[in-house]
Protein chains: 2
Amino acid sequence: MEVPIYIYIALVAGIVSILAAIYFRSLVMKADPGNERMVEVSGYIDSGARTFIKVQYKVLGIFVVVLAIALMFLPSPLENNERLFVFLNWEQSLVYVIGAIASMWAGYLGMQVGVKANTRSAQACTIGTKEGFNVAFLGGCVMGLAVVGVALIGVSLVYMIFLSPLVVLGFSFGASSVALFMKCGGGIYTKTADVGADLVGKAEYNLPEDDPRNPATIADNVGDNVGDIAGMGSDLFDSYVASIVATMILATSLVVGSALGLFIILPIIFCSVGLFASLIGIFIIKWFGSDEPGKALNSGTYLATVLFAGLGFIIIWIITLSYPNSAVRLWRVYLATVIGLLSGIVIGFTSDYYTREDKKPTRSIAESAEEGHAVVILSGFSYGLLSVGPPAIGIIVAMAIAYILDGVFGVGMAAVGMLAVVGTIVANDAYGPIVDNARGIAEQGELGDDVISTADRLDMAGNTAKAITKGFAIGAANLTVLALMFSFAEEAGIEIIDLLSVRVLIGAFIGVVAPAIFSALLVMSVQRNAGKMVREIRRQFEENPKILTGEEAADFNKCIEIATRGALRELIFPSIISIIIPLAVGAIFGVAALGAFLAGAILSGFVFAIFMSNSGGSWDNAKKYIEDGNLGGKGTETHKASITGDTVGDPFKDTAGPSINTLLVVMSLTASIFMGFLLAFNQGAGLISVFL
Amino acid sequence: MEVPIYIYIALVAGIVSILAAIYFRSLVMKADPGNERMVEVSGYIDSGARTFIKVQYKVLGIFVVVLAIALMFLPSPLENNERLFVFLNWEQSLVYVIGAIASMWAGYLGMQVGVKANTRSAQACTIGTKEGFNVAFLGGCVMGLAVVGVALIGVSLVYMIFLSPLVVLGFSFGASSVALFMKCGGGIYTKTADVGADLVGKAEYNLPEDDPRNPATIADNVGDNVGDIAGMGSDLFDSYVASIVATMILATSLVVGSALGLFIILPIIFCSVGLFASLIGIFIIKWFGSDEPGKALNSGTYLATVLFAGLGFIIIWIITLSYPNSAVRLWRVYLATVIGLLSGIVIGFTSDYYTREDKKPTRSIAESAEEGHAVVILSGFSYGLLSVGPPAIGIIVAMAIAYILDGVFGVGMAAVGMLAVVGTIVANDAYGPIVDNARGIAEQGELGDDVISTADRLDMAGNTAKAITKGFAIGAANLTVLALMFSFAEEAGIEIIDLLSVRVLIGAFIGVVAPAIFSALLVMSVQRNAGKMVREIRRQFEENPKILTGEEAADFNKCIEIATRGALRELIFPSIISIIIPLAVGAIFGVAALGAFLAGAILSGFVFAIFMSNSGGSWDNAKKYIEDGNLGGKGTETHKASITGDTVGDPFKDTAGPSINTLLVVMSLTASIFMGFLLAFNQGAGLISVFL
């Protein structure tokens, strides 16, 4: 089967994107990094982040090598139809390693610019909001464009070489392994530092946020970078590639005659369109600049959406000229992608509603803080659960319409559409930690109140953007894993997954329980690790009273070490179970039960992810609302209660909630990749088929 | 089809059970009710409970009449096979009303004895632990035996008259409507009062527990009765009847030739066996008495289990004499019931592990209180989620073995087995609030420290028993609703529920989300209503300072009124959605999607029910552990943090968590009962079948 020439669009898009990233990087680096103290602080953050990445990548390296070897002994996807054990399946293995390296590189690149952009954005704030915003925004764009560029080039090259979407699965699995490590590890790291810094520094010693005397301050800033830039970046890299690959696999069974080759690469084509849309949007925003950072970020998202719809229309029109027989179907697919993207936007904005401090939910949570710690928790808990409703409706509607338009392939294309403008989404997201750090650096560099308040404005816009992109990421991952489930069934030759079969029901049962256990493990990890951090900070203050007076510097490195080691140790168990559980379910109860397991995990994971992200976001903003002087303001009992809410919400929204996405993708890919292994158990009927 | 003579066992068992209940009631009434003050307090509780029941039953009456009329216009289940609309389906309607009345009567009877037993148990504590225990235990048994007796007589009579398990569904639905009202209403009531009393009385004014100056004290005691006795009783009545009816329907399609009539009534036979087992167990415990209340309650459960296995063996052996051809199958079914019961016990005891103050989870939660409010919440939250694992494994293993033994009928019989000794379970459960009240009355009646500490011992045993029965109730309800799902599919003629069909997946999605939203609504209800209670208590203290000095009595009735009205108002919305959502899913997406909806709701409901019950129980006991003088004891910051945990846990464990059971049963029965209505939409394919 020939690969249509349109695939070169992807290569062009990818290369342009990487060139743009390099260009933006140079713009960021050219900016003034500020005074000595700022450069010093930024340097600490930079080296802390490098330490984490180094340790993390070392272990990740071992993990990847072990899995690569395991993959070699799996049946080759190239001969999948014959379902034979073919030893030394080097393609899968190689592509897997490449996927992992690509994801690591993209994450590293983005983060590395992030830690340069923070101090430069702080310095630019001395000139004005527009200037400060521009530096941070470009820094975020480097990450966004790097992620998308690398992913797109990687996927298209692998497909052009091996001509099998099943081999591309390996690339996706590589990206996922990295994402799981980065997301869980980064999430544990960032909250270990944050909770530790808050519990001792802020609560016990009344130090302000980002105070240099607090030994965990640098670790906290590092956490923002490794959790929110590198972690989020690899998470979206992961979903992005997975949505492409799942939809490519779904395309292989379409009945479209000679247009098959085209339909298989449609996901790649649409992603290229999305990338151009993101790029143009970014250039327009950069060109016009803005004094209102929040508006600018949102305009970027809207612009990219409109441009995607417009450019997609043009490209599909061009394609129909060479494939007139498939014209109707192509238009239907086009609509599915647009529906997907629109529903992503809607989901993002409903998350925003539930977490914004000027809307009813967060207002009510803040008010309930007046009745004490317990009531603020109950209130955030219930609003968090309620907030699952609207995005669930969004996904359901998108899925239904996409399915009506073009069956399960339509559902996959909706996921692709949702992720098409991921460049913009990652850019907006990475902007957040850059300005968060910039604010801290401005404080430590003593740039004065005016500059700090400018940096504050940038930071607030970052928080809003983050709420939206988080909702978006969960929605997109959800549609993607649904598409992966369908592609898994396709690949395994499963025609039905019948819930009335007890073994299938058991699979679904385990699936529904899994995200709950996974969330619990991650929250416990943070709690355990934060406990160590708390003891270390207390020890430093007690052993050296000169730290508190500012005469001697606190030992940042010790805190960074605790966060780094802890994150690494704690992520191992959840990571391994996310691979072992699907394999166990498949081997024991069979592949149909594994399909149900995936469905159960996807649906319950969605509930937990949205609930945890939104309740956490809402508690955070309720606290900020009170700190802004409302309901009595700082220092009151109401404020203390709101801090309890925020602290509970921290591991919810930044560790467990967003890690669930990655968990789901890894589990779904594991099921697909290890298909050959699973089919070895009574032809996929599972060990239990002796009885059931 | 003839009904085998064995059904008369059920009538005998039911009558014996009611006679025993009447006898125990007379024993309780004969006991000394104590001094004047005790009688007075008990009288207040009694009248408060009556007020609630009166108001509740009035609205419930209207609800039942409306539904009864609606049911009249549904196709008659007697002509189900032809699927015709037969107007004036009086059988279903009549039986529905009878089911509702039976459940109301059983709940009322049990609660009415409970409010008499409390003061008598307190007085008996002046003689000794054994005596105090005996009165409370017999009081609980009245409830347990009334529930089982009425249910068994009701089900068998309805079946003997109409000879159709589908008509028995109406009886079950009647019981469920009542249970939903009692469980949600009772749960909201009890926590409104409890949280209100704690937040103002204990926290703001430092009044001790059960202090008569606290205007919400009586409402709090009333709450124990309406929530834990009447609510729990109607909940288990509901599951009990539902498990019988679901399994009877599953039996109708068995290929067992002339033994069909026997297999249809097997659930009734096994429940009768279980009732005899419970009765003998109760008499043995009563006969020997015990100084160790905790041990005595558990021995009752073990005894009933062993007796059930023994008596079941004998009765099945007798039956095989007249049905030699079905002997093997009968023995397999027998084993399924025993497996069900055993797994129920195991599930109960794992809940116990996660909530006992001498085990690791609760210990860790208590210790985490040392790190503040937020950490105690995080810790309880994660242990609560982790605790879902073991009972899930219990259910899965029971389901798998039961299925291997006799297909979905075996699964139904496992549910029947699990609920067979429900008499003992309800008795143990109702014992809890009786001794809880007894402790309060002993305090208010000034019976002295020795008596109070005796009452305390009884109370502690009650708490442990409650943890076990709660886990048991959730497990049993879970297997029951799974059986109901299968019987629903059976009845609708659905052969497969294919998760790869998008409409089915949408159904499952809505199902998984539903319990989350339902829990959120109930928690919010408690929070809203408790807010009103808080304001009322504060108002009373502020307007009349003589209440605090004890010179004038607080206005109990005002608090009772707030709790009553609030509970009623707040339960309406959740109750209605639990009927409307399944109907909407079925009408729009079709009956197969509705089946998936049920499956999704059952699995996710299980997660939420176990999580909320166990985390709540654990926080409660962590607080008690600290109040016992550990980790610094009362009044410390650690203690305060543990109170936050307990307050958050209150609506989790006593309102939302246990209501989910009833929700699931109601939703499942709604699907079955309104089958005719749903089949009217494109022959059950749903409105969407035009597109999907």
Open item on the list: Just to be sure I understand, how many residues within segment A:353-368 are more than 11 Å from every other protein chain (Cβ to nearest Cβ) and of a type in the set (S, T, Y)?
Closed with: 4
Open item on the list: Go through segment B:568-595 and report how many residues are in contact with a Lys or Arg (Cβ under 8 Å, 6 or more places away or on another chain) and in a helix (DSSP H, G or I).
Closed with: 4
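Between A:G645, A:G629, A:G605, which is touching a Gly at 6+ places or on another chain (Cβ under 7 Å) and either open to solvent by 10 Å² or more (accessible area, probe 1.4 Å) or within 30 Å of B:S604 (Cα to Cα) (or both)?
Unique residue meeting the criteria: A:G645.
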- [ ] Could you check A:E490 against (1) touching a Ser or Thr at 6+ places or on another chain (Cβ under 9 Å); (2) open to solvent by less than 20 Å² (accessible area, probe 1.4 Å); (3) not basic (K, R) and say which number it fails?
- [x] (2)
TODO: Please determine, by comparing only the residues of segment B:334-360 that are open to solvent by 60 Å² or more (accessible area, probe 1.4 Å) and assigned to a helix (DSSP H, G or I), which one is nearest to B:T469 (Cα to Cα).
DONE: B:V346
- [ ] For segment A:170-183, state whether one or more residues are open to solvent by less than 10 Å² (accessible area, probe 1.4 Å) and either within 30 Å of A:Q123 (Cβ to Cβ) or not in a helix (DSSP H, G or I) (or both).
- [x] yes
TODO: List the helices (runs of 4 or more DSSP H) that sit entirely inside segment A:369-457 and contain at least 1 residues that are within 14 Å of chain B (Cβ to nearest Cβ) and touching a Pro at 6+ places or on another chain (Cβ under 9 Å).
DONE: A:373-386, A:389-420
Open item on the list: Between B:T662, B:T655, which is buried (at least 22 other Cβ atoms within 10 Å of the Cβ) and either within 13 Å of chain A (Cβ to nearest Cβ) or closer than 30 Å to B:A374 by Cα (or both)?
Closed with: B:T655
Open item on the list: Just to verify a result, which residue in segment A:477-522, among those that are part of a loop (DSSP other than H, G, I, E, B) and either touching a residue at least 24 places away in the same chain (Cβ under 8 Å) or at positive phi (or both), is farthest from the other protein chains (Cβ to nearest Cβ)?
Closed with: A:G493
Open item on the list: Checking B:G635 against (1) open to solvent by 10 Å² or more (accessible area, probe 1.4 Å); (2) assigned to a helix (DSSP H, G or I); (3) of a type in the set (G, A, S), only one condition comes out false. Which one?
Closed with: (2)
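Quick grid of which residues meet (1) more than 26 Å from the chain's Cα centre (by Cα); (2) without any contact (Cβ under 8 Å) to a residue 24 or more places away in the chain:
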residue	(1), (2)
A:S17	no, no
A:K30	yes, yes
A:R37	yes, no
A:G48	no, no
A:L60	no, no
A:A70	yes, yes
Task: Single residue of segment A:1-40 satisfying the filter (open to solvent by 70 Å² or more (accessible area, probe 1.4 Å) and assigned to a loop (DSSP other than H, G, I, E, B)) that is farthest from A:V435 (Cα to Cα) - done: A:M1
Open item on the list: Can you report the number of residues in segment B:675-692 which are assigned to a loop (DSSP other than H, G, I, E, B) and open to solvent by 20 Å² or more (accessible area, probe 1.4 Å)?
Closed with: 5
Open item on the list: When you scan segment B:261-280, do you find a residue that is surrounded by fewer than 24 Cβ atoms within 10 Å (Cβ to Cβ) and at pLDDT below 90, even just one?
Closed with: no
TODO: Determine whether segment B:588-595 contains at least one residue that is open to solvent by less than 10 Å² (accessible area, probe 1.4 Å), facing chain A (nearest Cβ under 9 Å) and under 30 Å from A:V408 (Cβ atoms).
DONE: yes
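For B:V65, state whether it is in contact with a helix residue (DSSP H, G or I) (Cβ under 9 Å, 6 or more places away or on another chain) and buried (at least 16 other Cβ atoms within 10 Å of the Cβ).
For B:V65, the condition - in contact with a helix residue (DSSP H, G or I) (Cβ under 9 Å, 6 or more places away or on another chain) and buried (at least 16 other Cβ atoms within 10 Å of the Cβ) - is not met.
The values are calculated or read from the model by the stated rules, or taken from the named source; none is laboratory data. Note that the structure is a prediction, hence the values are computed from the model and not measured. Neighbour counts are summed over all protein chains in view; Cβ atoms, including those assigned to glycine, are modelled from backbone coordinates with ideal geometry. In case anyone asks, the SASA skips ligands and DNA or RNA and just uses the protein heavy atoms, side chains included. Shrake-Rupley method; radii C 1.70, N 1.55, O 1.52, S 1.80 Å.
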